[in-house]
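Q: The following block contains the structure, expressed as structure tokens.
Throughout, read-outs are computed from the coordinates displayed, never taken from laboratory work. Just so it is clear, the structure is predicted and the values come from calculations on it, not from any experiment. Note that each Cβ is placed from the backbone with ideal geometry, even for glycine, and that neighbours are counted across all protein chains shown.
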């Protein structure tokens, strides 16, 4: 749960800095931070995938093929389950509450918690980071997410007030629950059958796809790809 704890502390830190600073970063600094976060997301994602591939050149190509097929099938399944639409509904809810707050200029702590928790908990990086950390991939994915959300908390606290800091609790509860569940229930089974790398390699490419969103290169519906994490080990078993 190291990454989840860092993520929660980063939200608290961002909220505190926002309360003290009371002015947003300059456009130049925002552009620079966006560039750094985009590069960091791409590097962390590709690093996770690379570390999860092993064997000869042909074996690596075979593993990559499994990952790509799993992502293709996972996207189809995600669309059937309407995962991205569910994520979008949370985003629309947050947008509506932000618009209402800007219009009324009234700071409601409950709105702060609801809006920030919806955005931070629905972020695919949280689900991917908690899963990969529990499977031995390290906390880097959640650390990148933590930096993103610390900056977001700085902006939200100027709009909603101190209630933004409370959103760290649901983030810690959700991501911590995912990490503990994966570590206790899934990791022993996946490790005993040699399937951990398949999950981490798939998650790494999904994390890399987030960088395309950060750079606004392409709109990637990350939530629809989440079933790929379950399909990758299944396809690996079938091929064996």
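Q: Eigenvalues of the Cα gyration tensor times 5, then square-rooted: what semi-axes does that give for the range 38-95, in whole angstrom, largest first?
A: 31, 18, 6
Q: Could you give the length gained by full extension between residue 238 and residue 65, i.e. 0.36 nm per residue of separation minus their alpha carbon distance, to one decimal place?
A: 60.9 nm
Q: Between residue 82 and residue 218, what is the label-to-label distance in nm when each label sits 7 Å out along the Cα-to-Cβ direction?
A: Rounded to a tenth, the inter-label distance reads 2.6 nm.
Q: Shifting gears a bit: More than 30 angstrom separation, counting every C-alpha pair in the chain; what % is that?
A: The calculated P(r) of the chain puts 26 percent of pairs beyond 30 Å.
Q: Over the Cα atoms of the range 134-187, what Rg and Dmax result, in angstrom?
A: When restricted to the Cα atoms of the range 134-187, Rg and Dmax are 13.7, 41 Å.
Q: Could you tell me the calculated FRET efficiency between residue 58 and residue 36, based on Cβ-Cβ distance and R0 = 30 angstrom, to the nearest 0.05?
A: With a Förster radius of 30 Å, E is 0.25.
Q: Moving on. At q = 0.22 Å⁻¹, what is the base-10 log of I(q)/I(0) for the range 1-118 according to the Debye formula with one equal point scatterer per Cα and no solvent? Please give it to two decimals.
A: -1.34
Q: Using Cα springs under 10 Å in a Gaussian network model of the chain, which residue among 100, 70, 122 shows the largest mean-square fluctuation?
A: Comparing 100, 70, 122 in a Gaussian network model of the chain, the most mobile one is 100.
Q: Further question: Tell me, in nm to one decimal, what length is gained between residue 104 and residue 177 on full extension, where the rule is 0.36 nm per residue of separation less the Cα-Cα distance?
A: Using 0.36 nm per residue and subtracting the Cα-Cα distance, I get 22.7 nm.
Q: Would you work out the relative contact order for the chain, in percent, from Cα pairs under 8 angstrom that are 6 or more residues apart?
A: Taking the mean separation of contacting Cα pairs over the length of the chain, I get 42 percent.
Q: What distance in nm lies between label points placed 7 Å from Cα along the C-beta direction at residue 46 and residue 121?
A: Taking the simple label geometry, residue 46 and residue 121 are separated by 3.5 nm.
Q: Oh, and also: How many Å³ per residue does the convex hull of the Cα positions in the range 63-202 occupy?
A: Convex hull volume per residue, Cα atoms: 109 Å³.
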